[in-house]
Amino acid sequence: MRSHIVKRSFVIAGQKKSISLEEAVWRLLKEIATNRDVTLLDLLTNIASTEDQRNLSSAIRLFVLNFYRKQLELQHIQKVVQAVLRSPVQALH
């Protein structure tokens, strides 16, 4: 599966940045921004301020990967908690 690279330009911290990312990564970034109730620019500014700016595109990809990895971890924890809550309570002796 090939993903088309899309280049977009933003002004982040007063500097013009051109960011090239796969279409899928742009879609996921927008989804994360919506989830956090922030603009895409706000999210990019936050990523740029906390990550290595020498390769912002890579930092963004890692941010997206980590966001969804954490979502999977939370889902796993939720399933474990639900399983524990559904199991019969045993008396401690």
- Message: So if I check each of L74, L56, which one is more than 14 Å from K17 (Cα to Cα) and at pLDDT below 95?
- Response: L74
- State which residue pairs qualify: first residue at negative phi and in a loop (DSSP other than H, G, I, E, B) and inside the stretch 1-26, second residue small (G, A, S) and surrounded by 10 or more Cβ atoms within 10 Å (Cβ to Cβ) in any location, beta carbons under 7 Å apart, and separation of 6 or more residues or different chains. S3/A24
- Restricting attention to the stretch 68-82, does a residue exist that is within 12 Å of the chain's Cα centre (by Cα) and under 20 Å from I12 (Cβ atoms)? no
- Message: I'd like to verify a number: residues in the stretch 34-65 that are in a helix (DSSP H, G or I) and touching a residue at least 12 places away in the same chain (Cβ under 8 Å), how many?
- Response: 14
- Query: If we scan the stretch 33-54, do we find a residue that is surrounded by 12 or more Cβ atoms within 10 Å (Cβ to Cβ) and touching a His at 6+ places or on another chain (Cβ under 8 Å)?
  - Reply: no
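The values are calculated or read from the model by the stated rules, or taken from the named source; none is laboratory data. As the structure is a computational prediction, the values presented were derived from the model and not from experiment. As a convention, Cβ positions derive from the backbone with ideal geometry for all residues, glycine included, and neighbour counts pool all protein chains shown.
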